[in-house]
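Engineer: Shown below is the structure under consideration.
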Amino acid sequence: MRYRLGLVPATCAVCCVVLTASAYAARIDVPAGDHIRTAVAAAAAGDVLILESGVHDGPVVIDRALSLEGNPGAIIDGHSQASTIEIAAPNVSIRHLSIRNSGRSLAQMDAGVFLSQVATDAVVEDNELTDNLVGVWVHGASGAIVRANRIAGWAARNLNDSGNGIYVWNAPGAQIIDNDITGGRDGIFTNASRNNVFRGNRIHGVRFAVHYMYTQDSEISDNVSVGNHAGFVIMYSPHLTVRNNISDGDRDHGMLFNFANGSLIEGNAVLHGGDQCVFIYNANKNRFVGNWFEGCRIGIHFTAGSEGNVMTGNAFVGNKTQVMYVGTRDLDWSEHGRGNYWSDNPAFDLNGDGIADTAYHPNDLVDQVVWRYPAAKLLLNSPAVQLVRWAQSAFPNLHPGGVIDSAPLMRPPYVPAAHYRDPSPRPVLAARLGP
């Protein structure tokens, strides 16, 4: 059945019914203006509301299993009140709409699209979300899919007053796929959730591209972070697969792991990095395999307290300092006779097996002294310091405890993500977003 929502001479809205081939669901044409709430109230579960071109007045609550779709140019404007669209029923889909101007209250959980806990298996797909506090807020809606949306968030004068592009809270099985996100605070933020998939998203112009808190047994793959304060910030979240992601030109960290345990970090690339390609703090029993870390002040900052991590088959290329590790334990970053590639390792391979003939030490005693006592940098070019470094190269037993690669690679591994080239100009966020 197909409905056309029109106006009678009074000011109320009525529905005129036109039969079609389907007897089980109706397609309801909704003209622009203040008619969308009336259309929702008159619709039955399974109906499809087709919003015509023009501005439709929100906010609106979808409290039954409907599909809301837009013709080209269809806009829902929340007029800065509450959530522009709130979904309060299972099996609702929102597609092909421009959704804008939500309220500005984080306490009230205002968003362009708000999925409540009963909005299970919702689909939010191929929408344009602009000037909303949070683009899509998945608040306990298990099985929700947020896919192929373009989100440009509202940026408050104080960044902490801004919302996230997509916020996932306690939504098992939610999938965030192929979205383009910019503006606001964090691109995708998840808290207290599990079994989620974040895949194929492109995030630029935010603080953290992907921010994980207390989320487990999930996948972060094939995402691209460009020009953000930090790329992938994983905290208090175990048993993750972090694969084939790209951090390109992020200012502070390409990847950060804090109390992130038992995870696989594989095939990722940090390119044109800022301060640190990777920062690892108290993260245990993870596998770092086949990653590419290039162009940072520090390739990997590895703190004491992180135990049982495996580092093999990674490439450290052109970082000012390849490894910063302040500790006395010896850590061998190789597995089963295969270590990592180090661009500054002047090694030989006389037997041609692809493994350097001597172990690689990324740091020496002078590095340890400078990290503990920064004022010692004034002495780096002194003859005494140069003598210490010569002595360590001549007598390897003088090296302090720390990272050693006993089987360094002679050639870098092939990491597809390392060949990414961003098609758009890289933003200068340090000036725009502040510290």
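Here, each number is a calculation from the coordinates, and none is a lab measurement. These numbers come from a predicted model, not from an experiment. For neighbour counting, all protein chains shown are included, and Cβ atoms are generated from backbone atoms with ideal geometry for every residue, glycine included.
Engineer: Could you list VAL317, VAL48, VAL233 so that the one with the fewest beta carbons within 10 Å of its beta carbon is first and the one with the most is last?
Structural biologist: Fewest to most other Cβ atoms nearby, the residues stand as VAL48, VAL317, VAL233.
Engineer: Also, I was wondering about something else. Mind jotting down a quarter of the surface of the convex hull over the alpha carbons of the range 108-164, in square nanometres, one decimal? Working shown, then result.
Structural biologist: Working: hull surface 15.3 nm².
Mean orientational projected area (the range 108-164, Cα hull): 3.8 nm².
Engineer: What percentage of all Cα-Cα pairs in the range 242-366 are separated by more than 18 Å?
Structural biologist: Tail of P(r) above 18 Å: 51 percent of Cα pairs.
Engineer: Which of the peptides 66-72, 274-280 is most tightly packed, and how do the rest follow, going by the mean number of other Cβ atoms within 10 Å of each residue?
Structural biologist: My ranking of the peptides, most packed first, is 274-280, 66-72.
Engineer: When the scattering of the range 173-326 is computed by the Debye formula from its Cα atoms alone, each counted once and equally, what is log10 I(q)/I(0) at q = 0.16 Å⁻¹?
Structural biologist: -0.77
Engineer: Trypsin sites (Lys or Arg not before Pro), restricted to the range 291-357: which are DSSP loop and have at most 13 other Cβ atoms within 10 Å?
Structural biologist: Those that pass, being in a loop and sparsely packed, are LYS320, ARG329.
Engineer: Could you give the size of the charge dipole of the range 238-312 about its Cα centre, using +1 on the Cβ of each K and R and -1 on the Cβ of each D and E, expressed in debye and rounded to the nearest 20?
Structural biologist: The calculated dipole for the range 238-312 is roughly 180 debye.
Engineer: While we're here: Name the residue farthest towards the positive end of the dipole of the range 110-159 from the options ASN158, ILE145, VAL118, assuming +1 on Cβ of Lys and Arg, -1 on Cβ of Asp and Glu, about the Cα centre.
Structural biologist: Among ASN158, ILE145, VAL118, the one farthest towards the positive end of the dipole of the range 110-159 is ASN158.
Engineer: If I take the Cα coordinates of the range 34-108 and project them onto the principal axes, what are the three extents in Å, biggest first?
Structural biologist: Answer, in whole Å and largest first: 32, 26, 19 Å.
Engineer: Please report MET324, MET311 as a ranked list, fewest other C-beta atoms within 10 angstrom at the top and most at the bottom. Provide the component values of the computation, followed by the final result.
Structural biologist: Details: MET324 22, MET311 25.
Starting with the residue having the fewest Cβ neighbours, the order is MET324, MET311.
Engineer: For the range 17-141, count the residues as N, evaluate 2.2 N^0.38 Å, and divide the Cα radius of gyration by that value, please.
Structural biologist: 0.98
Engineer: Please give me, ordered by residue number, the trypsin sites (Lys or Arg not before Pro) of the range 105-171 that lie in loop per DSSP and have at most 15 other Cβ atoms within 10 Å.
Structural biologist: Within the range 105-171, the qualifying trypsin sites (Lys or Arg not before Pro) (loop, at most 15 other Cβ atoms within 10 Å) are ARG157.
Engineer: Starting from the Cα gyration tensor of the range 301-341, take the square roots of the eigenvalues, sort them a ≥ b ≥ c, and report rounded, prolate or oblate (rounded when a/c is under 1.5, otherwise prolate if a/b is larger than b/c, else oblate).
Structural biologist: Judged from the Cα gyration tensor, the range 301-341 comes out oblate (a/c at least 1.5, b/c at or above a/b).
Engineer: What's the exposure ranking of SER247, SER98, SER193, SER343, going from fewest to most Cβ atoms within 10 Å? The partial results should precede the final answer.
Structural biologist: Values: SER247 32, SER98 20, SER193 24, SER343 13.
Lowest to highest Cβ neighbour count: SER343, SER98, SER193, SER247.
Engineer: Given H placed 1.01 Å from N in the peptide plane, which residues other than close sequence neighbours of ASN132 have an amide H under 5 Å from its amide H?
Structural biologist: Residues meeting the amide H criterion: ASN101, SER102, TRP154.
Engineer: Assign unit charges at the C-beta atoms only (+1 for Lys and Arg, -1 for Asp and Glu), then state the dipole size of the range 82-129 relative to its Cα centre in Debye, rounded to the nearest 20.
Structural biologist: I would put it at about 160 debye.
Engineer: For the range 215-295, what is one quarter of the convex hull surface built on the Cα atoms, given in nm²?
Structural biologist: Result: a mean projected hull area of 4.2 nm².
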